[in-house]
Structures are given as structure tokens and as C-alpha cells.
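Worksheet: the structure to be examined is printed underneath.
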Amino acid sequence: MDELFPFIIAKYNYWASLILLFIGLYGMIAKNNLMKKIIGMIIFQTAILLFYVSIGVKQGASVPILFFSEDHQPLLEASAYANPLPHVLMLTAIVVGVGTLGVALAILQKIQRVHGTIEEDEILEDMRQ
Amino acid sequence: MIDQAPVFIVIIPLLAALLLVFATPLGPRFAYGMLVTALAATLAAALATLNLVVAANQAVHYRMGDWLPPHGIELVIDHLSGVVLVLVAGCALLTAIYSLRTAEQDNPDRLNQYYSLFALLVTGLLGMVASGDLFNLYVLLEISALSSYGLLARGGGQAYYATFKYLIVGTIGACFYLLGVGYIYIMTGSLNMADLAVILSRPELQESVSVKIGFTLIILGIWIKMALFPLHAWLPNAYSKAGTTTACLVAPLMTKVSVYIMLRMMFTVFSADYIFNQIAWSELVIYLASAAAVVGMLAALAQRDLRKMLTYIIVAEIGYMTGGAWLANAAGFTGTTYHILADGLMTLCLFMAVGAIIYRTGETTKAAMVGIFQKMPITAVVLVIGAASIIGVPPTCGFFSKWYLIQGAAQAGAWVFVAALLIASLVAAVIFFRLLEVAFFGDLDAAPAAPEDGHGQGHGPAVARAEAPLSMLIPMMISAAGLIVLGIYTREVVSYFISWSIPAGF
Amino acid sequence: MFSPSFYQIAPVIAVCASLAAVPLIALSGSRPNLREFWTFLAAGVKFAMVFALAGWVLAGNVVEVELIRVLPELSIALRVDSFGMVFALVSSFLWMVAATYTIGYMRKLNEHAQTRFMVCFALSLCAAIGVAFSANLLTMYIFYEMLSLSTYPLVAHHQDKEGRAGARKYLAFLLGGSVGLVLPAMIVIFAITGTVNFADNINSGIIPADTGSTLVVILFFACLFGFAKNGIMPMHAWLPGAMVAPTPVSALLHAVAVVKVGVFCTIRVMLYVFGIDLMDDLNLGVITAYIVSFTIVTASIIALTKDNLKARLAYSTISQLSYIILGVALLAPAAIEGGIIHIANHAFSKITLFFCAGAIYVATHKKNISEMGGLGRVMPFTFGAFAVASLSMIGVPPVAGFITKWYLLVGALDAGQLGIILVLLASTLLNVAYFAPITYHAFFGKPPAGEVHGGGIKEAPLIMVLPILLAATISVILGFYPDIMMQFVKMVTS
């Protein structure tokens, strides 16, 4: 027990995103309402965004903009800056996520029009007829 | 100019996708012409690139904006991706030509938007094949996935729900992949494939649990995308409810490109040594693949709807390719890569033939097949050639990929996989035999036996000749001829393109 | 004699002549006479090529032609040797005979879809010659499959429920055997040896001596039962089912093309892939000999119970095919010669019998033996030929079948297999029991009640009777001059 706790705390960002990930996955798989499935999907994607963002973070580092020390010399130590690459990647991933959300909502609207409902069991019932 | 060819492969269809939206006022004919021209240009660029690769006998690296890797994004085209690019561009071009009638029939109101998505999907697929960067691959994967959702949903009616399920599952797959890439990035600090291969070969990373988790997530994500049994449930519904053109474009290419990505991950990013010694799942995966082949074919046998039957055959074919890749020997790898080409062509051929039959008869079940040999003789012959290739009748290319796969399985001692391949072939023979019997002789159960008309030609009542339109026939005939040509030139294809990519250590 | 380069092209022409005729036959469907002309032209060209090659092979040459190299170590290639020549001569000659007969049969009965029939007929002959001239397992496999597929429409010709069921069974057994057993065996052989080319002689085979014996045994039986066309029990069930086909097809299936291809492939694999030495080491020959002995006796007993003439002939075929394999399985030179020569002897005799059955059907629409009482007096030529061919089947000198039996007995003695001698004697008695009554009944029996044969002769059309007489005559000639074929066979064993 004494060792487990620090183990969890030391990487708390991983655990947090993992929990979010499973909440999202649960929503996508188990929920009957299609809208809730979409919400699950967003949580799922967000968990991954957070995971990426958190791995770029460094203790005591600054934003990755070239930083000058007092004698006007550029500070070129990598440890002084947060890693910008994961953040940039996630900008793209956010765009992708928004795109997916848009398509999902559009299709959901169509499903509502065709089947008259967005509850999965009712749709299946409707398709059987 | 010619050394810029790699970038044109991606840029031409992307520009076409943009311009097609703006070209709406110019009418459907213009859109069709533009799409076909753009894809023909893409094919030319792909061929030029392949020529570059073969001439230089090494991979062609194209650095976007001249930024050097590992920071810049690069396109890497070697022998293997070169051929797959040609396959994708070629299949897309054939489908575009084929789409003249069906696309308009399926999309009377938004043809340009439809074609735009078409071009975007092709862009995504080509980009995935050419990309040399893991994150870039993710973006292109999503581009192709998003555009395929749009295309599949155009099938209307039940297609919406099927597409929605595909969207959910596809997003899970893509996110798994992205998460896995995250793990790899944490451990290596790089996203460039060639760079990663060097970094990952360090002993401490070979042992690392995080890398293993990363690999597992990536492979799981790809398996979902390529519908490996038992993760295949989304595929049959999504593909069989789609419009004819969409099915012809999506069905042959998307899963095949996913298989290609799996090979890239396994053998380029990671290494054969890592996969088979550190991960050491191959036995399990081969069982999965064998199950996929048998279950897929049996499920296909149980289908009444023609296109749904074909989609289950895809599930089985994915089993073939996955099994071959995990056999850990040269014959298995050759079989898998060759089968990517062969299966892409034969799935295209069958989907186009079945699409034409559905287009003419309006039926989607076995009833559509009655008397096809009299009604649409050329389509029927195309169907026969495609079926022969799926069954594995020489000299079609399906026979030779099976040859390599069985040879590899025998060398690896994977007798379960050998048995699965043979059972699947026999079941495939039964599937197509049932259809062709009806197509040839008519259906005895449905209609009374055709009266014997004595001496002469016809069997039974004269059936009006109603061949598919020329715009459908030409691509169909090209793809059917391609199956035979590819089969006859197996040796050339293998020795010029595939043998270069066989991983070291086999 | 022609220039050597001619002999490089001749096998290709021999295989492709009927293939080239296919579009011509298909296109001239509306003009039956022209269509039949193409058939004869192709048959003539084919036979001429085979005949020319026969002389070249007799002079001790072997022709090898590579058509396509599909994989680096694998090609589609033709090779003309003495063993293949035996089969090629028989089938290309009998095609001409069978084509004549077929035209008479089809026109007289006014059958439907004659063009399709002739197209498939031509395709199947292309495949048969292809099998005879194959240089390796792959080529042989391809032509073997082509034969299965091209004969399917022939078997299903009547398109009714029964015809389709028979054809389905036909395809299921043949494809099941070839895809399920032969194909994996071939690929495993390729994986072990790195080649699928046949060996140059019948002793060594191509399988390395250090291969595990269990694997060799499995491969051997996969090939033995996989070539289901050879009719070894229990893979024989398609043969009676395929009886629903029109009689010329039955004749083609049972005498010329299909079953002989099965037997030919089996022997090719036994002698040129496994080799006598290996079979001897593992005792495979003796085991095979007893397996086929079972088939010989059982099929003969079943034949006794059949009243339908074609069904009886079908079971007779199953039994006779096993003679051929039996001879080779004994592994003694005389027995191998007896087995191989039986390919020719059985072909001519059995095709006569089937032609007779067809002629009887065309002339009287009778299918059952019990209805044929006294018919010999109405159709003396047909039944005369039938009698000669039955004698050959039984093995009475001087008809061809006697030669086979003689060599087989000598071979069995050489091999010291007394059990096999008993089998041969028993089956001869059974042959007498199921063939003799037919002829006796036809010449000396009474017509069925309520049926009166008017005086005089009422034969089938001349175009059908002539091939019957020709085939029967050759059966006799082969009995008097066995050397015609035996010179090729001797080259196989020497």
C-alpha cells in the first residue's frame, strides 16, 4: 500500500486521463441513446487530448516562446520551455475531433428523421419492420 | 518536375476535392470529367513515382517544404508503398469512371459534394500510404475516415444507422492508434518512422513496457480499422447499405490500406525481430486470422443480400492477410503484400459486377442473378473471373497469393492456418457456385423449369439482352483483365516490388 | 522428321488447338455444319501434332517448353515424354471418334444448347492434352482444374433437378479433392523440395530422402485420394451421379478424358514425384495395391446389382481404373507396364461400350438391361461391338484387355503378391458375371412382353455406328499388336 500510493500520485495525469478514457468508452459502448454515445465519444477524445497535453508539461518551464535572460542572451536550454510539439499535435486532433462531432451530429439528425428516434433499441425495432 | 511527382499524388486529389465544391454550377458532366481527369493525373503521378523508386532502387523521400526529418514532415515511397499507391489510384480511377450512371442515380441533388468527398477519401488513402510520419498518418486516417462516413451515409435509409455505428467504432480505432502513438512519442521523442525505427532498436526500449503498450494500442486501433475478426461487426452493415459507387470505392481500398499500415507498423517502425521475439503474439494472431477466414466465409455463405455476402468475404480476406503477415517468414510476407494488390483488384471487380447487376435488375438478392449469362453476358464473365480469383483458380492472381500464404504457413508449421485457407477457399467455391448455377441455368425453385426448346441456341424463354452501360463495362473489364495479368506476371511483381520490402531477418 | 524447332511448338499447338477452336465454335452457333467443321479441324490438327510428336518421342527425345514463369522457382511448362504420349495419343485420337459420334447423337435426339456442349467438349480436350503434356505439378493441377470446370456444364446438360444434383456432386468431389488435398500437398512438396518439376525417371522421385516418413505418407495419400477423378473408393461417388449426362459425355468422362486424367495424374505423382524407391522404402506400393484391390472387387459386385446399363458400366469403370493404379502400385516393371497400357486398352474398350449404350438409347430409348432382350438381333452391329468390348474388359485373348491382365499377373508374380493374383482372378470372374449376360440376353433372350420386334435391322444412324465399329476394331488390333502402345510404355520403365 505504501508503494502503490506514490506510484499512482507520481503519474496522476496518466491515471486521470485513463479514467476519462474509460468513462468515454463506457458511454460509447453501453449507452442506448445515440446522443449519449456521441458525448461518450467526445469524452474519449478529450481524454487523449489531455494525455498528450500533459506529457508536454515540465516543472517550472515556461511557454515555448524564445526567452531572453537579463543580459539579453537568448535562453537556449530545452528544460526552460514546455514541449510544444504535443500541444501542436493536439490542435490538429481537436480539429479532427470537431470534424468527427459534426459528421456524427449530421448523421444523427438524419437517423432521427428516418427512424423517428435516437434510441438504439427503438431504431433496431424500426429496422426489423 | 518528375521528382516532384510524390507530392502531386496527394495534392491533385486534394485540390480536386476543393474545386469540385466550387464547380457546382457547371453541372454534373463537368464534375464527372473533372474527377476522372484528376484521378487519371493522380495515377500518372503514382506511376511516375513508382518509376522513380524502381529507377533509383531505393525509397524516395519527399520533404514537405524542405524541412528535414525528424522535424519536418516527409513522404516516403519505397517499392511496396509505390505499388500500393498505384493500386489505390488505379482502383479509384476505375471507380470514378464507373460512377457515371450510379453516382448520379444515388445523388441526384449533391453530385459535386459527393464527388468532393470521393476525392478527399482518395487523398486520405494515398496520403496514408505515402506518409512517413506517425501523427501525419493519424490525420490522414481521420480524413479518409470522415469522408468515408459522409460517403457511406449517402446510401440513405438504413445506411445512416450503419454509418453511425461505423463512426463510433472507427473513432475508437483511430483514438487507440493516437494513444499508442502518444506512448511511443513519450518513450522516443520522435514521430518520424525511419527515425523511430533507429531509436526503437535500442535494447532498453526493446524491453520497455510502455513501448509494448504503445504497440498494442496501435495494433488494436489498426485491427479495428481493418475489421479483423472479432472486431469486424461494423463492416458488413456499413458497406452493404452504401450506394453502389461508394461501395466500389470504399470496400476494396479502406481495409487494404489498413493492412498496409499494419505491415508498415510491424516491419518499418518496429522490426520483425521485435514483433516475433519481444511481442510474440504470432501464434494467437494466426489463430485469430484463421478464425476470421473461416467465420467470414461461412457468414458470407449465410447471406442472402449479394453485397453483404461480398462484405463478409472481405472479412475473410482480411484474415488471410493478417495471418500471412504474422507467419514470420518471407513467403508469408510476400503472400500478404501480394494479396493486398490481388484482393484490392478482385474486390473491386466483384463489387462493380454486382453493382452493375443490381443497377440493371433492381434486385439485391440471389434473385438478381437469374439468367444473368443471357441478360448481361460480359458482366457475368467479369463476375466469373472475380469469383475464380477469390476461390483461387489459376491463373488468376488469387491463386498465387494463396500459394504463397500456404507455402509460408507450411514453412512456419501453422497447419491451422493452412486448413483455414483451404476451408475458406472451398466455402468460397460453394458461395459462387450457387450464384453462378442460378445465373447460368435459372432458378429451379423460384420458377418452373425452362421448357426445352429443342435444337438451337436459347435455353428457356428468350431473355432480353440488357448489358450494363459502357461506362460500367469498361472499368469492370479492365479490373477483370487486371486479375489475370497480375496473376500471369506474379513473378515480376514479386521480384521487382515486393521482394525489396521483405524485412531483414526473414 | 521436322526441324527440332517444330517440336518446340508442336506441344503448344496440340494443347491450344481446341482452345483456339472455342471462339470459332461459339461464334458459328447458328450454322451447325460450320461449327462441326471447326471441331473436326481442331481435332485433326491436334491429332496430327500429337502423332508427329509421337515419332520424335520414340526416337528418344523429350520436348520441354516453358510457357510462363509465374514465380521465380515455378513455371507453367509443357514436357512431352513417353508416358504422357500414351495418354495424349489415346485421347486425341478418341476425340475425333467421339466428336463424330457426339454429332450424330446430339442431332438425332435434337438436344438443346449444342453450341455450349461443343464448346465445353473442346475445352475439356484442351485440358486433357494439357495434363498429358504437363512438365510439373502446377501445370498439371491447372489443367486438372480446367477439366473439372469445363466438364461441369456437360454433366449438368439437362438442367433439370437430377442433372444439377449430379453435377453438383461431381464438382463437389472433384474440387473438394483437388483444392482440399492436392493443392496443399503440392505446396508442401514445393516447400520441402523447392521444385514441383517431375523427375526424369521413375525411380528417384523429387522428394529428398531425409523427409520425415509420416509427412511423406500423408502427402502420398493426399495425392492418391485428392485426384478424385481416379475413382478410388470412397472418392468414387461422383461417377455414378454423373451418369445423368448425355451418353457422349459419359463416354468422354469414362473412357477418354476425366477418369483417365485422374488415373494419369495419380500415376504421374506416384512415379515421378514420389518415385519407386521411396514408395518401396515406405511400403506405400503394397498398401495402395490393397486399397485399390478393395475398390476393384467392391465396384464389380455393385455393378452386378445394377440394371441400368450406364450405371453398370460406370461401376465397371471404377473397377477397371483401379487395375491401372494397381499395376503401378505393385512397382514391378511388368506390372507397371500392364497398368499403363491399360490406359489405352480400357479407353478403347470402354468407349465402345458407352457408345453402344448411347446407340441403343437413340435407336430404342431403352436404358435398362432387362429391357434389352432380343435387341441384339435388331442391332447386330452395335451388340457385336459390345460383345467384343466386353471380352476385352473380361480379358479374353485376343482382345486388348488380355494384354493388361497378362502383364498384371506376371507383375504380381514378380512382386510376390499372391493376394493380388487372387483379386485379379476374382474380379475376372465378376467381370464375366456382369458382362456376359448382357450380350447373351441381347442375342438369345426374348423381347419383353408386349413388344414385338419387326423383322430386319434397325440400327442407330450410321454416323454413330461407324465410331462404334472403329473403336471396337481398334480394341482388337491393340490385342494383336500391343506393341503400338507398348513401345511407349517400355520407354517409361526402361
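In table form, for the structure just shown:
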{"quantity": "Segment C:59-84-segment C:414-447 distance, computed between alpha-carbon centres (Å)", "calculated": "41"}
{"quantity": "Inter-chain Cβ neighbour average for residues B:155-167, partner chain, 10 Å", "calculated": "5"}
{"quantity": "From phi via Karplus (6.51, -1.76, 1.60), per-residue ³J(HN,Hα) for segment A:55-61 in Hz, x at Gly/Pro", "calculated": "6, x, 6, 10, 5, x, 8"}
{"quantity": "Sequence of C:W406, C:W38, C:W95 once ranked by neighbouring C-beta atoms within 10 Å, starting from the fewest", "calculated": "C:W406, C:W38, C:W95"}
{"quantity": "For segment A:6-129, with +1 on Lys and Arg beta carbons and -1 on Asp and Glu, the positive-most of A:I118, A:L50, A:L25 along the dipole", "calculated": "A:I118"}
{"quantity": "Residue (of C:H365, B:F164, A:L105) at the positive-pole extreme of the protein assembly as shown, dipole from beta-carbon charges", "calculated": "C:H365"}
{"quantity": "All-pairs alpha carbon distance profile, chain C, 20 Å steps from 0, percent", "calculated": "25, 60, 15, 0"}
{"quantity": "Mean separation of Cα contacts under 8 Å (6+ apart) over length of segment B:5-164, as relative contact order %", "calculated": "27"}
{"quantity": "Residue exposure sequence - C:L429, B:L196 - by fewest surrounding Cβ within 10 Å", "calculated": "C:L429, B:L196"}
{"quantity": "Cross-link pairs beyond the 20 Å C-alpha cut-off, checked among B:K308/C:K169; B:K366/B:K402; C:K306/C:K367; C:K310/C:K350; C:K169/C:K310; C:K367/C:K405", "calculated": "B:K308/C:K169; B:K366/B:K402; C:K367/C:K405"}
{"quantity": "Student exercise, the protein assembly as shown dipole from Lys, Arg, Asp, Glu Cβ charges, in Debye to nearest 20", "calculated": "3120"}
{"quantity": "Cα gyration tensor shape of the protein assembly as shown, rounded if a/c is under 1.5, else prolate or oblate by comparing a/b with b/c", "calculated": "prolate"}
{"quantity": "Chain B, relative contact order [Cα under 8 Å, separation at least 6], %", "calculated": "15"}
{"quantity": "Three-way shape call for segment C:240-308 based on the alpha-carbon gyration tensor, with the a/c threshold at 1.5", "calculated": "oblate"}
{"quantity": "Mean Cβ count within 10 Å, highest first, over the residues of peptides C:358-369, A:110-121, B:340-351", "calculated": "B:340-351, C:358-369, A:110-121"}
{"quantity": "Three-way shape call for segment C:355-445 based on the alpha-carbon gyration tensor, with the a/c threshold at 1.5", "calculated": "prolate"}
{"quantity": "D_trans [Stokes-Einstein, Kirkwood Rh over alpha-carbon pairs] for chain A, 25 °C, 0.890 mPa s, µm² s⁻¹", "calculated": "137"}
{"quantity": "Order of C:E162, A:E3, B:E317, C:E371 - criterion: other Cβ atoms within 10 Å of each residue's Cβ, fewest first", "calculated": "A:E3, C:E162, C:E371, B:E317"}
{"quantity": "Within segment B:1-155: Cβ-based charge dipole about Cα centre, in debye rounded to nearest 20 (Lys, Arg +1; Asp, Glu -1)", "calculated": "380"}
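Computed from the coordinates by the stated procedures, all read-outs in this text should not be read as laboratory data. Bear in mind that the values here come from a model prediction, so they are computed numbers and not experimental data. No Cβ is skipped: glycine too gets one built from the backbone with ideal geometry, and neighbour counts run over all protein chains shown.
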